[in-house]
2 protein chains.
Amino acid sequence: MATLKDVAERAEVTVTTVSRVINNRGYISEQTRKKVYDVMKELNYQPNELARSLSMQRTNTIGIIVPHIVHPYFAKLISNLENAAANKGYKILLCNSKAKNEKELEYIQMCKSNRVSGIVLCSRNVDIEEMKNLDIPVITIERNLEAGTVGIQCDNYQGGCLATEHLISLGCKNLLHLSGIKNENMPADARAEGFIAVCEKHGVRHREVMATSTIYNTLDYHEHIRKAIEEDPGVDGIFASSDLIAAQTIQICAEMNISIPGQIRLVGFDDVDIARLTTPTITTIRQPVREMAEWAIEFIQRSLDHEAVPEQFKLPVTLVKRNST
Amino acid sequence: MATLKDVAERAEVTVTTVSRVINNRGYISEQTRKKVYDVMKELNYQPNELARSLSMQRTNTIGIIVPHIVHPYFAKLISNLENAAANKGYKILLCNSKAKNEKELEYIQMCKSNRVSGIVLCSRNVDIEEMKNLDIPVITIERNLEAGTVGIQCDNYQGGCLATEHLISLGCKNLLHLSGIKNENMPADARAEGFIAVCEKHGVRHREVMATSTIYNTLDYHEHIRKAIEEDPGVDGIFASSDLIAAQTIQICAEMNISIPGQIRLVGFDDVDIARLTTPTITTIRQPVREMAEWAIEFIQRSLDHEAVPEQFKLPVTLVKRNST
DNA sequence: GAAAATATGTCAAGCGGTTGACATGAAGCA
DNA sequence: TGCTTCATGTCAACCGCTTGACATATTTTC
């Protein structure tokens, strides 16, 4: 592959001049600039980013660590992050931790070795200690991480409230919340808090059923949901803590011959594509994923520029009414 | 951040020795090895992969270029590629071309600049010319690319046949094939060929309706599907060329009060997660995505080792019976 | 007791680019 | 004419790591 030197020789200038052309520094005549560009095209030259990064002591790479890729929420998040990153000239190093501690650590080390500009962490079991001597900006999304990192999340509590208020306003008297795994690191827990607060406020009968991490890892909630419904057949409103769970709830109800929204009204969370692909479509709480992704990249940039960034950044959610309620 | 030199000084050895420890070359006593490792831990040292790659003239990075990330098929593919890559010590540079020509080119250049070990191309509009002077192994998945690159695909023709045979064996007499966009670069076109061949063989009435690229880009086939069904209300079997289309077909049928599988039997393609999340679940043609991903990584490795790799590699598909037929 | 294997060290070039310091012309203009 | 501004060149250090060549010392092994 052609190098800077090759280009310089062929264009009959020095490497300094070529470098100046590429990086737009110093004085360069239009003539020389054109000549250099011509030779670059002729030799099919592509600057070696590795050498460049090494020399400049910075890469334009952002590491993304997620616990799942096929999970529609993370797929959407990754897509938006990639987009926001590309718009600012960053590229993406994608890591799938499979929600495993050791893989998370391994990937964080890997990101460090590759001198990424920043890390977007959407998976989190790692001890905070590990993050301390990292010297790399870390932004978490929908995870709590106290140690001086920046956390972006949607207003989960508000989401829980919105969903529950909606169900109650439709006349539901016996609510069930299918929550995810309990984990102090997950702000999603606040969805349940909102649910409970609103139910108590209105004096509505309610119950919460949590998933196990085994279920979370396989993403198959079917039996779990069936059991939860069978335990209390009088349920007339369900708030699922993700659209994925909501979609599976629809299936279980169909099997049990329970009509949605006839007998049970259902609200999901996230507003990912499947919410529009099920029958009926799912009324859900919309996370502003695009904005969350854009802020994540923005905050990484600000950190690199030594600008101040908030420790916690919470974005509002909205209710999207569809056919399941 | 600590460098090799820092470690060497602190461990009272030379950089050569430390490098030998890290790369497991030459003779090293257990004592020295331990000492070096201790210091590395103490200084929280992480070798600079950039410098390493530059020096060794090779990275362990693989570029993946896809036209969509949220599309469940690509999400599944990315997930499997990441997994296969990680198992062999590669990391992933993720690129979303949005099915746009210029972005594809841009990303290919970017991969080149970053000296990736190989590119997995799942998006393809690029002129073949661009690929010729690339010096990087390129593996395509479900795309045709004649110019000396390796193409992995599933047996789309066989898939079309299997789906159609299945529908006919269930007694369908009036078949509709909802195909994707027509594109000479897409082997998925063979699905329609298989469909037609089997219909003709059995003398079954059949019709194919193609999508436009506008639809493909938004991934919203609803109106397209509705029109296709309204044009011929007598349809009793539909072969959708993706599970995404099949899922939307279920919705349209529900709206039109057509029961599945009662009045229309439906077969999808891909076997992605949504096929198990709809009501009814979707009978589909399963692509062996995991194997395809593993072979892709394997072929990149073989190319790097100058081993021979096949030009075309086709894997068999299977029918997965669920509730839509 | 000599040869071979083991364990380190020294030195320095090379990977491909960036960048600062400094020099040298030429054109522009007061 | 003298002073800027512009355009380029030369030289070389530096980023952090790899690696070959060669030297030296200590252990093993036959």
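The values are calculated or read from the model by the stated rules, or taken from the named source; none is laboratory data. The structure presented is a predicted model; accordingly, all values stated were derived computationally and were not measured. Quick reminder, even Gly has a Cβ in these numbers, built from the backbone with ideal geometry, and neighbours come from all protein chains shown. Protein only, heavy atoms only, side chains kept; ligands, DNA and RNA dropped before computing areas. Shrake-Rupley method; radii C 1.70, N 1.55, O 1.52, S 1.80 Å.
Here are a few things to note about the model shown:
- Anisotropy class of the range A:156-287 from Cα gyration tensor, a/c 1.5 cut: rounded
- Per-residue ³J(HN,Hα) for the range B:193-200, Karplus 6.51 cos²θ - 1.76 cosθ + 1.60, θ = phi - 60°, Hz, x for Gly and Pro: 4, x, 4, 5, 4, 5, 4, 5
- Counting from the shortest, the label point at residue A:25, 7 Å from Cα toward Cβ, is 3.2 nm from the same position in each remaining copy.
- With N the number of residues in the range A:32-167, Rg(Cα) / (2.2 N^0.38 Å) evaluates to 1.34.
- The range B:244-312 versus the range A:141-219: alpha-carbon centroid distance in Å: 33
- Within the accessible area of the range B:156-287 (1.4 Å probe), percent carbon and sulfur: 51
- For residue A:248, net neighbour charge (Lys/Arg +1, Asp/Glu -1) across residues whose Cβ lies under 12 Å away: -3
- Cut-off 11 Å between beta-carbons: net charge of the residues surrounding residue B:32, Lys and Arg +1, Asp and Glu -1: +1
- Expected 222 nm ellipticity per residue - DSSP helices of 4 or more, -39500 (n - 2.57), all of chain A, to 500: -13500 deg cm²/dmol
- Near residue A:283, the amide H atoms lying under 5 Å from its own belong to A:268, A:322, A:323, A:324, A:325; only residues 5 or more places off or on other chains count, and H is placed 1.01 Å from N.
- Distance between the C-alpha centres of the range B:30-74 and the range A:1-50: 30 Å, rounded to the whole angstrom.
- Rounded, prolate or oblate (a/c below 1.5 giving rounded, otherwise prolate when a/b exceeds b/c) for chain A by Cα gyration tensor: prolate
- The mean number of Cβ atoms from other chains found within 10 Å of a Cβ in peptide A:270-277 is 4, as a whole number.
- A simple rule links phi to the HN-Hα coupling: the Karplus curve 6.51 cos²θ - 1.76 cosθ + 1.60 with θ = phi - 60°, which for the range B:313-324 gives 9, 10, 10, x, 10, 9, 8, 10, 7, 10, 9, 8 Hz, with x for Gly and Pro.
- Other residues whose C-beta falls under 10 angstrom from the C-beta of residue B:113 contribute a net charge of +3, scoring Lys and Arg +1 and Asp and Glu -1.
- Listed residue pairs exceeding 18 Å between alpha carbons, taken from B:5/B:41; A:41/B:98; A:41/A:88; A:91/B:112; A:98/B:98: A:41/B:98; A:41/A:88; A:98/B:98
- Prolate/oblate/rounded label for the range A:243-325 (Cα gyration tensor, a/c 1.5): prolate
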